[in-house]
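Data block below; observations after.
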Amino acid sequence: MKTRMTELFGIKHPIMLAGMAFVSLPEVVAAVSNAGGLGMFNSVANTPDQMRDIIKQIKSLTDKPFGINVTLLFPNAKENAEVALEEKAPILNYALGKGDWLIKAAHEYGGKVISTVATERHAHRAELDGADALVVTGLEAAAHGGEPTSLVLIPLIASMVDIPIIAAGGFCDGKGLAAALALGADGISMGTRFMLTQESVVHESIKEVGLRATAEDTMRSDKIDGLPGRFWMNKAAIEMAQGKVSIAKAIASAWQIRKTLDVPFYKLLLSGLRQRGVQDLARQAISVDFLERLNDPGDDVNSVFLPLGQVAGRINDIPSCQDVVEETVSEAEQVIKVMQGKVTA
Ligand SMILES: Cc1cc2nc3c(=O)[nH]c(=O)nc-3n(C[C@H](O)[C@H](O)[C@H](O)COP(=O)(O)O)c2cc1C
């Protein structure tokens, strides 16, 4: 299926793997790219040294276009993006920060840059900065979607900008892809759907949670990682949303993630404090620590923070990434045909 999105990135189908921390890892990235979509690696939990090997690993698994996602709010993000630029990653996707420098550097070698936005103001800014495309994320999304629903936000931003739009938040199949195209988008990005696939390395018990969840089993709060975000409504998320966090717990979590990110403790604290208050910094440290357990939650899934979209309520299987991409496209083509017959004269 060809759209402006496929033309821009040189891919077969207008479907992107959302950059998900601890989920969008090389195997899933390559599986989506090999299926004709756009695989997107999430670099939140990596050090700049690891990035070089990861990019090599992705290139060994696929010869198709892929991207590197950087969440600019995080301590290693700028350094990780610099490695991706040095390695001439075909596509970069940034979120939660200003990416003008990154766009300029990627354009110098012909790389393309996608900016993830959830407000009109950020969409306008990203287009002015020279972004090649936008991921526009609505309220239904796992983690940090916008305040308006996708149904409102996507046509709103599509009418404002000239660059291609990739709709995110609430998409899991061909009905969603057809709807996104109707709303003015040029393709879709899916998170929850690709987390629940055979190639996804999240623990089986987490996949079980995703399969069982109804559309009402998620909650949104700005008290979980410090930004408004949607998570599975379990004990850990409810408690975090209700109360203040203990600074002792925050320091313990920051100490723990310091090892994962290989960042000096003081740098972690300073980078958080520069942008946010102590409570938000504490929440961020705790949430990364809890998120890290997605691949090994032990026997207590209730202690994990699981970003989960409302669309989990519509997902009942664990297919391969290739099946997701192909079935989404063929269903969308079918829906578009059926729609033409739905309108009576
Ligand atoms: C387990 C998981 C982890 C995620 N981690 C991140 C992240 O680190 N950075 C980010 O920008 N979005 C993250 N997201 C959000 C996705 O990138 C995407 O915006 C969202 O999943 C789209 O909504 P959907 O789940 O309805 O498809 C995550 C989503 C999930 C399910």
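With both residues required to sit in the chain, DSSP beta bridges show an antiparallel share near 20%. Here is how the number arises for the chain: DSSP H runs of 4 or more residues each give -39500 (n - 2.57), the sum is divided by the residue count, and the result at 222 nm is -14000 deg cm²/dmol.
Output the pairs from LYS207/LYS235; LYS112/LYS259; LYS112/LYS267; LYS78/LYS104; LYS175/LYS342 with a Cα-Cα distance over 25 Å in this structure; if there are none, say none. Where the Cα-Cα span goes over 25 Å, the pairs concerned are LYS112/LYS259; LYS112/LYS267. Full extension of the chain between GLU147 and GLU239 gives 30.9 nm of extra length, using 0.36 nm per residue less the Cα-Cα distance. Expressed per residue, the C-alpha convex hull volume of the chain stands at 127 Å³. Within region 9-42, name every residue whose backbone N is under 18 Å away from a label modeled 7 Å from Cα of ASP262 along the Cβ vector. Output list for this probe position: 22, 26, 42.
Solvent-accessible area per residue in the chain equals 42 Å², computed with a 1.4 angstrom probe and all protein chains kept.
Using the charge dipole of the chain (Lys, Arg: +1 at Cβ; Asp, Glu: -1 at Cβ; taken about the Cα centre), state which of ASN302, GLY97, SER330 has its Cα farthest towards the positive end. Towards the positive end, the residue furthest out is GLY97. Between GLU7 and ASP317, the contour length at 0.36 nm per residue exceeds the alpha carbon distance by 108.5 nm.
The share of accessible area on the chain that comes from carbon and sulfur is 54 percent, using a 1.4 angstrom probe. Peptides 246-258, 213-225 ordered by packing proxy, namely the average of other Cβ atoms within 10 Å per residue, highest first: 213-225, 246-258.
Taken about its Cα centre, the chain carries a charge dipole of about 640 debye when Lys and Arg each add +1 at the Cβ and Asp and Glu each add -1 at the Cβ.
The values are calculated or read from the model by the stated rules, or taken from the named source; none is laboratory data. Just so it is clear, the model here is predicted, and its values are computed rather than measured. Positions of Cβ are backbone-derived with ideal geometry, glycine not excepted, and every protein chain shown enters the neighbour counts. For accessibility, only protein heavy atoms count, side chains too; no ligands or nucleic acids. Shrake-Rupley method; radii C 1.70, N 1.55, O 1.52, S 1.80 Å.
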